[in-house]
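To start, the structure itself, in structure tokens.
The values are calculated or read from the model by the stated rules, or taken from the named source; none is laboratory data. What you see is a predicted model, and the numbers here were worked out from it, not measured in a lab. Here Cβ is always computed from backbone atoms with ideal geometry, including for glycine, and neighbour counts include all displayed protein chains.
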Amino acid sequence: MNLSEEMERLRGLLKRRQHERRRHDTWLTYQIARNKDRPRTRDYLGFLIEDFEELRGDRLRADDRAIVGGLGWFDGRAVVVVGHQKGRTLDEQTEHSFGMAKPEGYRKAQRLFALAERHRLTVLTFVDTPGAYPGVAAEEGGQARAIAESMLSMARLSVPVVATLIGEGGSGGALALAVADRVLMQENATYSVISPEGCAAILWRDAEFAPQAAEALRPTASQLLPLGIVDRVVEEPRGGAHQHPEAAARRVHDAIAEALTELDALMPRERRMLRRERFRKLGVWGGEGLLPE
Amino acid sequence: MAVTVEIERLGTGPDPRRWTCPKCGHDADPLEFRKNWSVCPTCGYHQRIGARERIAQLADDGSFFERWTHLRTMDPLEFHDLEPYPERLREAQAASGMTEAIVAGTATIASVPCALAVMDFGFMGGSMGSVVGEKLWRAAEAAVDTGLPLVAVASSGGARMQEGALSLMQMAKTTCAVDLLNDARVPFIAVMADPCTGGVVASFVTLADICVAEPGALLYFSGPRVIQQTTREELPDDFGTAERNLALGHLDAVVPRAELKEKIARYLRLLKGGGQPDGLDRRGTARRRGGRTRKLARAATARVAAAFKDSGSEPVGGDGASPGSPEEAAT
């Protein structure tokens, strides 16, 4: 028997097993991230923010319930909080459009970011959305520009900005609230350019391949950390945040508090420059050595 | 030989030696059609064109200097759907003769110098991955460093799924590039060509100082299929067209391809102020202008303070008379 052939066969087997394991793990993460009982933005506000005062409306035409925002105290400092809000019961889910924001939601966020900047208040965001609301009225009401402007207004802030991904981080709708100095991500949250179902429908031409697509997209916190897309993975209680919401919130609290301690040491101008630099570096490309620039 | 290849590429009808309009059925000589900006002479149908043809149409002859050609696409996720990502890349490169979905550099447009970045829908649907984002960033940075305006022609299906969340991050990155341009007061003009959807429209494109589209171009963030699948809404027949977007207030103009070059040049001259096109040799104009603005602001502040002193009122604090009100500051 040829030893090297046998080695080759075993290596192939191992690789396939690792593949299957990763597919299983990634899909499980998606199930946990989307779990109905997982703590949502409002739950974290209850645990982390004292005297929360909700502020509503985009001051143009509507109040989008898919985004909740307001003022409150975090560790003795006044903060502006903005986050996606999903519902739990069917009625709640309908009220909050399953956490899918419309242009008025992103404009409410911008209005609150401006408020924070004017009064020098720290900004905390919580990301939990399948993506921006896909509807005719949303599109024709300027969805694209609303998302772009939300990102730009975050990029321009000089106050500390910390974003925490607590559930599903779906596409541009999620990123619209995540152009932050520090991006924290819970262990079982996901962050992806497209939903696994959407990706499977396009690349596999069949939404049934969602678990395969999920694995290929590498949307979990531990996979995104080495790429610099998130700065810190926040551990969750065994089995997921829904098993022990209060313990999960304690860990989120500690991670945000540590991030803020770092950011407090910076000048307002520095924060803005470093935030821009953070996003400028994102991406993987080669060929730098080929041509002198 | 080269001519045959060209004709084959252009031909969409059964006869590869003729060009047939898919909209009105008009039959034309392919070379005549191409001379007509690849626009149907009868019904005005704008056929999609690649980055090279676009640059040939917009840039003055021989003025385009391509840069950042050395940047190479990687496969950081080892992405594998029905085919591995590197395989799809190779196919796209062989079919298009390009290395990525964007070509960027400097050029003059009707004698106005600018940084120019053009996306190509023919390369993996013009999707935005790390290299597209990086080239856009460098084009913006070069614009800021030289004081030249940036012109971007976008034609893209959105983010490149094969680069996962890294491609999503290009939305934030290109948005930061716009922030860089705005800070330096460098003009930025975006042209949306068919189709312009997903990630690119929800980032740098719609943040441009002036945003125009070609007739008939489809522009949206979420497409008809996604909308119907998720919300089961009825879509208007002309959903997402440039003309409808213009009426809704999302565009500055719908510009036919034949007029695009002159239009861009006119915008650039106006944004640069006084119709004086900046020569390529006048580097750092934007930064100098920024400096002058700050100096003027300081001088104005000093004047206002002096005026307060003369009138005997205190410029800061005091009672409800609000000495800082605009009326008083104007005196």
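Worth pointing out:
- Selection status of A:Arg238, assigned to a loop (DSSP other than H, G, I, E, B) and over 16 Å from the mean Cα position of the chain (by Cα): yes
- A single member of A:Ser195, A:Ser222, A:Ser158 is within 30 Å of A:Leu60 (Cα to Cα), polar (S, T, N, Q) and either surrounded by fewer than 24 Cβ atoms within 10 Å (Cβ to Cβ) or in contact with a Gly (Cβ under 9 Å, 6 or more places away or on another chain) (or both), and it is A:Ser158.
- Candidates B:Val132, B:Val144, filtered to the one that is under 29 Å from A:Thr220 (Cβ atoms), more than 8 Å from every other protein chain (Cβ to nearest Cβ) and either in a helix (DSSP H, G or I) or in contact with an Asp or Glu (Cβ under 8 Å, 6 or more places away or on another chain) (or both): B:Val132
- Residue match in region A:202-217 (condition: crowded, with 23+ Cβ neighbours inside 10 Å, in contact with a strand residue (DSSP E or B) (Cβ under 8 Å, 6 or more places away or on another chain) and at the interface with chain B (Cβ under 9 Å from one of its Cβ atoms)): yes
- Test: residue in region A:172-188 that is among the polar types (S, T, N, Q), crowded, with 17+ Cβ neighbours inside 10 Å and within 22 Å of A:Leu48 (Cβ to Cβ): yes
- Elements of type strands (runs of 3 or more DSSP E) in region A:155-197, at least 3 residues being among the β-branched types (Val, Ile, Thr): A:161-170
Residue-by-condition table, conditions (1) over 18 Å from the mean Cα position of the chain (by Cα); (2) at pLDDT below 95; (3) part of a strand (DSSP E or B):
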| site | (1), (2), (3) |
| --- | --- |
| B:Val3 | yes, yes, no |
| B:Pro14 | yes, yes, no |
| B:Arg17 | yes, yes, no |
| B:Thr42 | yes, yes, no |
| B:Ile55 | no, no, no |
| B:His70 | yes, yes, no |
| B:Ala95 | yes, yes, no |
| B:Gly105 | no, no, yes |
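- Selection of region A:70-96 for residues being buried (at least 23 other Cβ atoms within 10 Å of the Cβ) and not in a strand (DSSP E or B) yields A:Gln85, A:Lys86, A:His96.
- Taken as a whole, region B:237-254 holds no residue that is polar (S, T, N, Q), outside any loop (DSSP other than H, G, I, E, B), in contact with a Pro (Cβ under 8 Å, 6 or more places away or on another chain) and under 30 Å from B:Ala172 (Cβ atoms).
- A single entry from A:Ala137, A:Ala163, A:Ala148 fulfils the requirement of being more than 9 Å from chain B (Cβ to nearest Cβ) and free of Cβ contacts under 8 Å to residues at least 40 places away in the same chain: A:Ala163.
- Residues located in region A:246-293, provided they are more than 8 Å from chain B (Cβ to nearest Cβ) and in contact with a helix residue (DSSP H, G or I) (Cβ under 6 Å, 6 or more places away or on another chain): A:Ala248, A:Ala249, A:His253
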